[in-house]
Amino acid sequence: MMKIESLVVENLTWLRRKAHWYYSDDFDADDLASETIEKILRSKDKFDSRKSFRPWAFTVMHNTYITQYNRRKCVPFTGMDDDYSYASPLTAEQDMAISHILATVRECARKSVAIECVILYAKGYNYDEISKMLGIPKGTVMSRISNGRKMLREALDG
């Protein structure tokens, strides 16, 4: 039975090459390969040594890329303060809309802890990551996100 660490070492070049399928930039590709290796090593107990390493490693890389992509495309939400800045100037109407949304998020946050999960989810974290951050079960995270979304939707529509 081969140790996962030696499989990673044997496949370093292959992992970097696959990372370039996702990113043409060397820095981003190396970042993806590194994060993939970190996840592989943290999840080594999930690897079935009777199966081939590369398909499993590629799946880990693909999922890691999707997570990175989702985090990058999300609107950065750094907090619930009114100090927001955008690349282009906002119209008065847009500025009022953003202020209304932030006020609604703050008001809902005072009523329920569910909003914290919604904010973390909007930042691009997955259920497992939020669960670990907050020290609560994954099912609770899923429930809070669902309830928080519903609360925000009703507050913004009403």
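Give the residues of the range 14-31 whose amide nitrogen is closer than 19 Å to a point set 7 Å from the Cα of T59 in the direction of its Cβ.
Answer for this model: 15, 18-19.
Ordering M61, M151, M133 by accessible area with a probe of 1.4 Å, largest first, what comes out?
Reading off the accessible areas and sorting them downward yields M133, M151, M61.
The values are calculated or read from the model by the stated rules, or taken from the named source; none is laboratory data. Note that the coordinates shown come from a computational prediction; the quantities given were computed from them, not determined experimentally. With ideal geometry, Cβ positions are generated from the backbone for all residues, glycine too; neighbour counts draw on all protein chains shown. Accessible surface is based on the protein model in full, side chains and every heavy atom, while ligands, DNA and RNA are left aside. Shrake-Rupley method; radii C 1.70, N 1.55, O 1.52, S 1.80 Å.
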